[in-house]
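The values are calculated or read from the model by the stated rules, or taken from the named source; none is laboratory data. Because the structure is predicted, anything quoted here is derived from the model rather than measured. Glycine also receives a Cβ, built like all others from the backbone with ideal geometry; neighbour counts cover every protein chain displayed.
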Amino acid sequence: NAGVMQNPRHLVRRRGQEARLRCSPMKGHSHVYWYRQLPEEGLKFMVYLQKENIIDESGMPKERFSAEFPKEGPSILRIQQVVRGDSAAYFCASSPRGSRTGELFFGEGSRLTVL
Amino acid sequence: GESVGLHLPTLSVQEGDNSIINCAYSNSASDYFIWYKQESGKGPQFIIDIRSNMDKRQGQRVTVLLNKTVKHLSLQIAATQPGDSAVYFCAETGNQGGKLIFGQGTELSVKP
């Protein structure tokens, strides 16, 4: 009974490279959320997706960041031309439907370090 | 340049004592308020939630209190154990559906 699976757990990139973070939601969950966490800070909402649809991307930076959740396969958070300020932990969460109660199931995160 | 992060509020308690973690929320339209626990190097774990039409809810060793008048949420942990050491975040559902809005977090340290 796997939970939310994120990979890679750790990723090191040089400035200007691309980072791709993957998230497989819990079985039966069709809603995915991405959050970013800087050291010693809270989780900041980035984007909320259903299969093949972006529902809310109000927390996504306008440039360099994109997310998708295709019909088949994991959700991908893509960061182009990374900068040092992108260094953070990126958490994915899933829910079986748009969670009105707020119970999201989180993965263990992907920690991005930009050199 | 060097980035400076915020330092989390910290709470240090003795093993066996009760802990109270507080949170101020911002959106009076939120339907649900939730507490998450995050251990070092891990993802947040759901602890307990409370609907906006309630003022108290109890779980196993935890109680959440909601005061809508002053937009205040608290988490009480009874007989705190070393395994409770973690960062605790409050979150609210906001008024746009789907996503959760997280507070800053409090680091709980339990001394044996």
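Where in segment A:64-115 are there strands (runs of 3 or more DSSP E), lying wholly inside it, with at least 3 residues that are closer than 26 Å to A:Pro39 by Cβ and hydrophobic (A, V, I, L, M, F, W, C)? Quick ask: steps written out before the conclusion?
Details: elements: A:65-68, A:75-79, A:88-95, A:110-114.
Fully inside segment A:64-115 and qualifying: A:75-79, A:88-95.
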message: in contact with a Gly (Cβ under 8 Å, 6 or more places away or on another chain) and not hydroxyl-bearing (Ser, Thr, Tyr): which single residue out of A:Val82, A:Val32 fits that description?
response: A:Val82
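For the subset of segment B:34-65 comprising residues that are in contact with a Leu (Cβ under 6 Å, 6 or more places away or on another chain) and within 13 Å of chain A (Cβ to nearest Cβ), which member is surrounded by the fewest Cβ atoms within 10 Å (Cβ to Cβ)? Quick ask: steps written out before the conclusion?
Filtering segment B:34-65 down to residues in contact with a Leu (Cβ under 6 Å, 6 or more places away or on another chain) leaves B:35, B:50, B:55-56, B:64.
With within 13 Å of chain A (Cβ to nearest Cβ) added as a condition, the list becomes B:35, B:50, B:64.
Details: B:Trp35: 25, B:Ile50: 20, B:Val64: 24.
The residue in question is B:Ile50.
Across segment B:96-110, what is the total count of residues that are within 9 Å of chain A (Cβ to nearest Cβ) and either buried (at least 22 other Cβ atoms within 10 Å of the Cβ) or not small (Gly, Ala, Ser) (or both)? Full working, then the answer.
Just the residues of segment B:96-110 that are within 9 Å of chain A (Cβ to nearest Cβ), to begin with: B:96-105, B:107.
Next cut, either buried (at least 22 other Cβ atoms within 10 Å of the Cβ) or not small (Gly, Ala, Ser) (or both) only: B:96, B:99-102, B:104-105, B:107.
Going through segment B:96-110 one residue at a time, the tally reaches 8.
When segment B:59-95 is examined, which residues are found to be in contact with a helix residue (DSSP H, G or I) (Cβ under 9 Å, 6 or more places away or on another chain) and not aliphatic (A, V, I, L, M)?
To start, the set of residues in segment B:59-95 that are in contact with a helix residue (DSSP H, G or I) (Cβ under 9 Å, 6 or more places away or on another chain) comprises B:61, B:77.
If the condition is that a residue be in contact with a helix residue (DSSP H, G or I) (Cβ under 9 Å, 6 or more places away or on another chain) and not aliphatic (A, V, I, L, M), then B:Arg61 is the only one that fits.
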- request: Would you check if there is a residue in segment B:87-95 being surrounded by 14 or more Cβ atoms within 10 Å (Cβ to Cβ) and more than 12 Å from chain A (Cβ to nearest Cβ)?
  value: no
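Select from segment A:89-109 the residues that are more than 15 Å from B:Asp49 (Cβ to Cβ) and facing chain B (nearest Cβ under 7 Å) and write down the one among them that is modelled with the lowest pLDDT. Lay out the reasoning, then the answer.
Narrowing segment A:89-109 to residues more than 15 Å from B:Asp49 (Cβ to Cβ): A:89-92, A:94, A:96-98, A:107-109.
Still in the list and also facing chain B (nearest Cβ under 7 Å): A:91, A:98, A:107-109.
Values: A:Phe91: 98, A:Gly98: 64, A:Gly107: 97, A:Glu108: 96, A:Gly109: 97.
Residue satisfying both the conditions and the ranking: A:Gly98.
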message: Tally up the residues in segment A:5-18 that are in a strand (DSSP E or B) and surrounded by fewer than 21 Cβ atoms within 10 Å (Cβ to Cβ), please.
response: 6
task: Mind listing whichever residues of segment B:13-23 are more than 16 Å from B:Val87 (Cα to Cα) and either of a type in the set (Gly, Ala, Ser) or without any contact (Cβ under 8 Å) to a residue 40 or more places away in the chain (or both)?
output: B:Gly16
- request: Test each condition in (1) exposed (fewer than 13 other Cβ atoms within 10 Å of the Cβ); (2) within 14 Å of chain B (Cβ to nearest Cβ); (3) free of Cβ contacts under 8 Å to residues at least 60 places away in the same chain for A:Lys62 and report the one that comes out false.
  value: (2)
message: Being aliphatic (A, V, I, L, M), away from chain A (no Cβ under 14 Å) and touching a residue at least 60 places away in the same chain (Cβ under 8 Å) is the requirement here; does B:Ala29 meet it?
response: no
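Only one of A:Glu72, A:Glu40 is closer than 17 Å to B:Pro44 by Cα and modelled with pLDDT under 95. Can you tell me which? Can you show your working first?
Working: A:Glu72 fails: closer than 17 Å to B:Pro44 by Cα.
Just one listed residue meets the conditions, A:Glu40.
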task: Give me a count of the residues in segment A:21-42 that are within 11 Å of chain B (Cβ to nearest Cβ) and surrounded by fewer than 19 Cβ atoms within 10 Å (Cβ to Cβ).
output: 4
task: Within segment B:66-79, track down each residue that is away from every other protein chain (no Cβ under 14 Å) and crowded, with 21+ Cβ neighbours inside 10 Å.
output: B:Leu75, B:Ile77
query: Here are some conditions: (1) among the hydroxyl-bearing types (Ser, Thr, Tyr); (2) within 23 Å of A:Met26 (Cα to Cα); (3) touching a Lys or Arg at 6+ places or on another chain (Cβ under 9 Å). A:Thr113 meets all but one. Which one does it not meet?
result: (2)
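Could you check segment A:19-39 and list, in sequence order, the residues that are under 11 Å from A:Asp86 (Cα atoms) and either in contact (Cβ under 8 Å) with a residue 60 or more places away in the chain or among the β-branched types (Val, Ile, Thr) (or both)? Step through it out loud before you land on a result.
The first filter runs over segment A:19-39 and keeps only residues under 11 Å from A:Asp86 (Cα atoms), leaving A:19, A:36-38.
Passing the criteria: A:Ala19, A:Gln37.
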